[in-house]
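In what follows, a single structure is set out as structure tokens and then discussed.
The values are calculated or read from the model by the stated rules, or taken from the named source; none is laboratory data. Predicted model only: the values in this text are computed from it and were never measured. Here the Cβ is made from the backbone with ideal geometry for all residues, glycine too, and neighbour counts use every protein chain on show. Ligands, DNA and RNA are stripped out before the accessible areas are found, and what is left, the full protein with its side chains, is counted by its heavy atoms. Shrake-Rupley method; radii C 1.70, N 1.55, O 1.52, S 1.80 Å.
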Amino acid sequence: MRNSLLGLIVWSSLSTLAAQSGFWAPVVPPRAHYRIECTFDTTTALLKGSSTITFRNTTPRSMDRLALDWSVGPDKTLSVTANGKPAPLLLAPGQKEVSGPLLLQLPEPLQPGADLELKLEFGNSYKSDLDLTRIVLLQGFHPKLWWGFGTLDDYTVRFTVPPGWGVVTSGVLDPATGVWTGHDMRRFAASIFNENKYSAEHAQAGDVQVTAVHTAAGAKCAQLVLQTAVDVIGFYRGRFGFYPHRSLTIIPGMDYPAGGYPPATAVVVIHGQEQMDKKPEAHFRWITAHEIGHMYWSNYVLAEGQNSLDWLLIGLGIVADREYRRTHGITAPVGNLPENYTGGMKEGIDTTMDLTDEQQELFEGDFNNVVEHGKSSAMMDALESTIGSATFDRAYRRCLREFHGRRMGWRDFEKVCEAESGEDLSWFFESWVRSNQYGLYSVAKHESTPKASGWHSEVEIVSKGTRLGRVPVVATFADGSQESQHTDRLAGASRLSFESKSPLKEVKLDPDNKLWMLNAEPPLSAVGLERELYRL
């Protein structure tokens, strides 16, 4: 009787929570359409706008509260109506300033299958933190629905600036109407610039409008990245069968050529265009291909968490630009990826990748370069070596097909790789993703003995590291012939046999550097030690 009563109380509590659910995020949120009209006053640095957000509740539950990615305070304002009725922000009594996300109370619950039209009036004063002598990137210039993770939505935007000022956005411009449109956009951004200081160059990559904004000093580099972008889009379209957007805008970033980043859908920033002489042309071709790769990985396939980029999508994006580099003979140092990872290991940095946001904040070291870019790239190379290039390519393309507009985590990626390879790969992903393990193999001994038909050679490979993988071993013989075998992933020491017409001359481990192995044991990091003790 007591258990039955307890069950009734629990059921009643759950029913009450369901009836008064407040804000909740669907696994697959409804697709929204944003119609935005805004103006930017370059004298006051004030942006004023109105927006209409429409969507249908495609979920099986009603919604009575929504969240908006916006803030309110002295510099930012917002008022909202929902289906023609006031929709108040849920602020504490007397609270006049709050960072987003903002909670919005709908005047009546939005039932499954019903349509919602939000009308928003908003303003944002940038004067205190805006340098209008440079091109200005406006990433979050309008209120956006917030679900706690990325979604793909559609946009129709009119962005007005004073005479003498230019604007570029994530969308495709219709010159007749002055309206920018974009579909499948994770985030829609705009940039404004003084036309006396900046120019915009345009090109077509099939049906994709490509624009590069630059200063006079950055014109040569802008031409290079513009031409490269056209070539990269064509290459990716040929490789994947599609390009996900109808536009691409390239804008300059900071002065020094340190790389770039993708701030929004169909927008990439390339740093150091005015100091092109400090890097080889190959650097700018590579970083252009790399950032465009993120139009697939983070703006087509979405990150699992709140960040637009994570180590998994960065690693998959690097695979895209890696193929472009291989095909186009770009061999100059690009991003120092191997050195970042192996260098971090040699310093004792814990390279465990599966960290919470809080753990990343406490991370001591350069997580972005050592782990998100360095180790993620190493992992992709090692995975390709483990399951084979053809299988890896099938898994890669399958993820693009199946996770369009959806979030993909590393366990999702693991399942696809296992499905394509037919092999349990938990040993690989656990060691790479959830540990600080590394590869350290060496040739313990080798010998050749003559036979009536030629030579018999024995090679012993010893693992001194903690990661167990399949290491390619290439034996080169005196007559120039070669033979390749792999170590067993479970063997601490592998003994390989080779038959040849001439004696063994040389043995190389991982000659293509696909496993990014260390050549000496790194110090044990304090964080790594704590984790090992905790597991005990």
For region 327-418, whose charge dipole is built from +1 on Lys and Arg Cβ atoms and -1 on Asp and Glu Cβ atoms, the candidate among Y341, S376, M408 with its Cα farthest towards the positive end is M408
Antiparallel content of DSSP bridges confined to region 163-307, in %, to 5: 65 percent
Take the eigenvalues of the Cα gyration tensor for region 320-439, scale each by 5, and report the square roots as semi-axes in whole Å, largest first. 24, 19, 14
Could you work out the local net charge near G365, counting Lys and Arg as +1, Asp and Glu as -1, over the other residues with Cβ closer than 10 Å to its Cβ? -4
Net +/- balance of residues flanking W311 in space, Cβ distance below 12 Å, scoring K and R +1, D and E -1: -3
Expected 222 nm ellipticity per residue - DSSP helices of 4 or more, -39500 (n - 2.57), all of the chain, to 500: -8500 deg cm²/dmol
Listed residue pairs exceeding 29 Å between alpha carbons, taken from K48/K85; K375/K505; K279/K505; K85/K144; K197/K278: K375/K505; K279/K505
Which order do the peptides 187-198, 114-125, 94-105 take when ranked by the mean count of other beta-carbon atoms within 10 Å per residue, highest first? 187-198, 114-125, 94-105
³J(HN,Hα) computed for each position of region 200-214 - Karplus, 6.51 cos²θ - 1.76 cosθ + 1.60, integer Hz, glycine/proline x: 10, 9, 10, 8, 10, 10, x, 8, 9, 7, 10, 10, 10, 9, 7
Note: the chain, point scatterers on Cα, Debye, no solvent; log10 I/I(0) at q = 0.07, 0.08, 0.10 Å⁻¹ equals -0.50, -0.64, -0.94
Where the only charges are on Cβ atoms (+1 Lys, Arg; -1 Asp, Glu), what is the dipole of region 331-412 about its Cα centre, to the nearest 20 debye? 660 debye
If you place +1 on the Cβ of every Lys and Arg, -1 on the Cβ of every Asp and Glu, and leave all else neutral, what size is the dipole of the chain about its Cα centre, to the nearest 20 Debye? 840 debye
Spherically averaged projected area of region 122-269 from its Cα convex hull (nm²): 10.1 nm²
Per residue accessible area of the chain, 1.4 Å probe, in Å²: 46 Å²
Using a 1.4 Å probe on the protein heavy atoms, what percent of the accessible area of the chain belongs to carbon and sulfur? 51 percent
Placing unit charges on C-beta atoms (Lys and Arg positive, Asp and Glu negative, everything else neutral), compute the dipole magnitude of region 191-275 about its Cα centre in debye, rounded to 20. 220 debye
Tail fraction, Cα-Cα pairs, region 398-465, threshold 17 Å, whole percent: 65 percent
Antiparallel bridges, percent of DSSP beta bridges restricted to region 230-331 (to nearest 5): 40 percent
Can you compute the modelled spin-label distance between D207 and S79, with each label point 7 Å from Cα toward Cβ, in nm? 4.2 nm
Cα long-axis angle, helix 311-328 against the chain (0 to 90 degrees, to the nearest 10): 60 degrees
Expressed to one decimal in nm², the mean projection of the alpha carbon convex hull of region 249-382 is 8.4 nm²
